[in-house]
Amino acid sequence: MLLIPYGTDAPVYHMPIATGVTIGINVVVFILQCVIQGDTYELTDMLVMNFGELNPIRWFTCVYAHGGVMHLLGNMSFLFIFGIIVEGKIGWWRFVLLYNALGYIASVLIAIVMIWSSGGSALGATCAIFGLMAVAMVWAPENEIQMMFFTVFFLRPIYLTLEVSVLALAFFFIALNLVIAFFSEFEMSSETAHLLGVVPGLVAGCAFVVLRQVDCDGYDLIAILRGKRGERVKTIQQEQEEAAEAEEEERREKEEFDNGWKTIQRYLNDGHFDMATKRFEMLKRKNPGLVMPEQWYVQLIRGHSTDGLHNEKSARLMEEYLQNYETLKVPVTLNLARFYIVEQERPRKGIGFLKGIKASALDQRQAKTFNALAKHAKRLIADGVIELDD
């Protein structure tokens, strides 16, 4: 019976470059194993982990050695699929560290279990791949893996394709190895070694999720078991990147604001009042509550008036001034009322501004202007002037 995975619907956020390179290294090492062998020296003997020996280097090298073509092809096909899932979430350099750590830890566990053994050896990437499978099971349990299934039944070949979830596939392999190991009383065998590879994978997979080092979009096994399927939790790195982007955006906006402010000041000094007003309006679109210094309002109001007559630009600036400052409230209000009553013939709007002035705040000249404007407004209303609202 053959099971060959060939695709997955798991999201890939990083190209599985390290997965491909790792497969390439395994293939090259196997070719060298086949080439470098003889009566007195074989490369394989230099790479395998011998039980009962404390050799930390071989605990690493044995992960890249294989015992035959089928051993290599079977391992590489599953390294390919689980590598896509895992590296696709964390990127190449963290995948390299994780894959080699899983293989090394599994070798250490096997060495500890077999410390008193005087014979036997182990080699192959299977333990590291079982670790990757456990990680994928935690990170992407509901994603599907496309597989080809081939077997021979009563001399009749059977071939079909199927889709199975990562969780179901991992459960199948773990259960299968667990049953075989159980009936062998958990003596050291391939199945027992595979289960030892699952242990660091489960620990690493859960640790990455709990410590917010991997983005599973809220579909990891822990979120599902907690009843929080689909509730995405940002990784620490993502939060730091977003904070850095927000800080950079704030810096750019401040720089743009400072430049705009200096430009307005330059336009005012040069007497370019229209350009100064437009520049301020541009800044205000991004900062609705933006207010100019009081003296700038005064300069612009005067700059937009001609022979004491105001226009819509100066009227808008006067209204804005009254919303933010009190120093020149009376003269600005009188000028604004004059604009609406005399120049615009909008008496009711003008009276609305006059009502905002207290009689006690007026000097003799201002009181005379106030009364004249009020009378003119009443006369316009009596004449039936039609006033359109803004």
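Odds and ends about this structure:
- Residue match in the stretch 22-38 (condition: in contact (Cβ under 8 Å) with a residue 40 or more places away in the chain and of a type in the set (Gly, Ala, Ser)): no
- None of Phe208, Phe183, Phe257, Phe173 is exposed (fewer than 13 other Cβ atoms within 10 Å of the Cβ) and among the aromatic types (Phe, Trp, Tyr) except Phe183.
- Residues within the stretch 64-93 that are in a helix (DSSP H, G or I), touching a Ser or Thr at 6+ places or on another chain (Cβ under 7 Å) and not charged (D, E, K, R), tallied: 7
- Hits in the stretch 80-95 - residues which are surrounded by fewer than 23 Cβ atoms within 10 Å (Cβ to Cβ) and more than 22 Å from the chain's Cα centre (by Cα): Phe80
- Taken together, the criteria place Leu221 among residues that are surrounded by 17 or more Cβ atoms within 10 Å (Cβ to Cβ), over 20 Å from the mean Cα position of the chain (by Cα) and modelled with pLDDT of 95 or more.
Condition check ((1) within 21 Å of Glu144 (Cβ to Cβ); (2) without any contact (Cβ under 8 Å) to a residue 40 or more places away in the chain) across all residues:
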site	(1), (2)
Gly52	no, no
Ile57	no, yes
Tyr64	no, no
Gly68	no, yes
Phe82	yes, no
Val86	yes, no
Gly91	no, no
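- A count restricted to the stretch 306-343 and to residues that are among the small types (Gly, Ala, Ser) and surrounded by fewer than 19 Cβ atoms within 10 Å (Cβ to Cβ) stands at 1.
- The number of residues in the stretch 12-55 being under 28 Å from Val164 (Cα atoms) and either in contact with a helix residue (DSSP H, G or I) (Cβ under 7 Å, 6 or more places away or on another chain) or in a helix (DSSP H, G or I) (or both) comes to 14.
- Residue within the stretch 224-237 that is more than 26 Å from the chain's Cα centre (by Cα), at negative phi and of a type in the set (Ser, Thr, Tyr) present: no
- Arg302 farther than 30 Å from Ser165 by Cβ and either surrounded by fewer than 11 Cβ atoms within 10 Å (Cβ to Cβ) or charged (D, E, K, R) (or both): yes
- Answer residue from the stretch 40-75, given it is out of contact with any His (no Cβ under 9 Å at 6 or more places or on another chain) and closer than 22 Å to Gly205 by Cβ and is surrounded by the fewest Cβ atoms within 10 Å (Cβ to Cβ) among those: Phe60
- Residue ID - surrounded by the most Cβ atoms within 10 Å (Cβ to Cβ), chosen from residues in the stretch 264-277 that are among the charged types (D, E, K, R) and either at pLDDT below 95 or under 12 Å from Gly303 (Cβ atoms) (or both): Asp274
- Residue check, Val214 assigned to a helix (DSSP H, G or I) and β-branched (Val, Ile, Thr): no
- Flag if Glu142 is surrounded by fewer than 16 Cβ atoms within 10 Å (Cβ to Cβ), assigned to a loop (DSSP other than H, G, I, E, B), in contact with a Leu (Cβ under 8 Å, 6 or more places away or on another chain) and among the acidic types (Asp, Glu): yes
The values are calculated or read from the model by the stated rules, or taken from the named source; none is laboratory data. Computed from a prediction, not measured in an experiment: that's the story for all the values here. Please note: Cβ atoms are built from the backbone with ideal geometry, for glycine as well, and neighbour counts cover all protein chains shown.
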